[in-house]
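Contents: one structure, followed by commentary.
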Amino acid sequence: MQQRTASTNPSEETIGIGPLGIRFLLTGDDSNGSMSVFEVFVPAGQKLAAPAHKNDAYEEMLYGIEGVLTWTVDGQAIEVGPGQALCIPRGAVHRFDNFGSQDARQLAVISPAIMGPAYFREAAEIAGAAAGGPPDRAKMMEVFRRHGMTVAPPPPAT
């Protein structure tokens, strides 16, 4: 068995998905599968292109560093700004947007570490193949499924 040594940001990697930036710090490989830790950068005024979804077997915790993201969790809008934390329990339908005029950065912790950098790499590839148009929904749904998420059905038409 390989001896592990402690180090800062052992899984340092930044992944871009369109205008979003995802900076991984720790993965399941660094934490015996207990957590993934990454920063999320969302430019001012950016609405998330990905559909609302639920995490099937893990909790997601967000901590505001700068700016404000509006998370919609089970239909409730919750603003998360600097110094604030939000736990999204498994099974809750959620998404986020930056409605503000300031870029936002939040720290995300996924526990256990079911979702990691591979999800964001695959999502970036599908988004890139769409060349600015909507990504292939069937391919995205498969990526979500493989990484422990289920895409929520669209809201009813009003």
Point to revise | Whichever residue in the range 105-125 is without any contact (Cβ under 8 Å) to a residue 60 or more places away in the chain and surrounded by fewer than 17 Cβ atoms within 10 Å (Cβ to Cβ) and, among such residues, is nearest to THR27 (Cα to Cα) | key: ALA118
Exercise for review: Specify which of the listed residues (LEU25, LEU62) is more than 22 Å from ALA152 (Cβ to Cβ) and part of a strand (DSSP E or B).
Suggested key: LEU25
Exercise for review: Looking at (1) under 19 Å from ILE15 (Cα atoms); (2) part of a strand (DSSP E or B), find the lone condition where TRP71 falls short.
Suggested key: (1)
Check your understanding: Got a number for residues in the range 126-135 being touching a residue at least 12 places away in the same chain (Cβ under 8 Å) and not β-branched (Val, Ile, Thr)?
Key -> 3
Review point. Do the conditions hold for GLY91, that is, is it surrounded by fewer than 19 Cβ atoms within 10 Å (Cβ to Cβ), touching a residue at least 24 places away in the same chain (Cβ under 8 Å), more than 14 Å from the chain's Cα centre (by Cα) and on the phi > 0 side of the Ramachandran plot?
Key: yes
**Study point:** Residue selected from the range 36-55 under the condition at pLDDT below 95 and surrounded by 14 or more Cβ atoms within 10 Å (Cβ to Cβ), by the criterion farthest from THR150 (Cα to Cα)
**Key:** GLN46
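The values are calculated or read from the model by the stated rules, or taken from the named source; none is laboratory data. Computed from a predicted structure; not experimentally measured. FYI the Cβ positions are ideal-geometry reconstructions off the backbone, even for glycines, and counts take in every protein chain you see.
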